[in-house]
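J.: One structure, as structure tokens, below. Some questions next.
Just so you know, all these numbers are worked out from the coordinates, no wet-lab data involved. Keep in mind that this is a model prediction, so the values were computed, not measured. Note that each Cβ is placed from the backbone with ideal geometry, even for glycine, and that neighbours are counted across all protein chains shown.
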């Protein structure tokens, strides 16, 4: 099968994720948009991320899946949770990890107009993309995600965190008017 066709199937089934870089801002906290429970930093937590977050000065916790969870306070009026995966993806010599935040959840599939708008919004983004994922309860969630170099600098990780937070929170406000995530 032509890789372009396979790639388009995967990409267009949901809402895509792209970019292999890093971006960030000021954060405090904890919190969670998924059904992961807080856990003590265990063997699943990537020590490179733990070191980076401590160096940056961000408060975080680690979920039972080993992902890092950071709560961003947005002007004291809104907040948003951003996650960093401890898992890495490899292609050749490139290692990336995902930084993401939930934008919205739905019990049903997205209306075509919303899905198409998110795909169109991806075009103008400097990094990352909106993606659609199934939830454990059979619903759907829209996330904004950036793929970063697994060994990126602390500054690039900080930039990635801030960028994901800004984009996800703005889109959550636009689509739902709520401050759930």
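J.: Based on the mean of other Cβ atoms within 10 Å per residue, sort peptides 143-152, 129-138 so the most packed one is first.
T.: 143-152, 129-138
J.: Sticking with this one: Applying a 10 Å radius around every beta-carbon, put 114-127, 56-69 in order of their mean neighbour count, most first.
T.: Details: 114-127: 14.7, 56-69: 19.0.
Ranking, from highest mean packing down: 56-69, 114-127.
J.: Label points 7 Å out from Cα along the Cβ direction at residue 44 and residue 155: separation in nm?
T.: Distance between label points: 3.4 nm.
J.: Would you mind computing, in nm to one decimal, how far apart the modelled labels at residue 77 and residue 55 are, each placed 7 Å from Cα along Cα→Cβ?
T.: With each label placed 7 Å out from Cα toward Cβ, I get 3.5 nm.
J.: Please identify which residues in region 84-114 have an amide N closer than 20 Å to a label point set 7 Å out from the Cα of residue 175, following the Cα→Cβ vector.
T.: 84-85, 98-114
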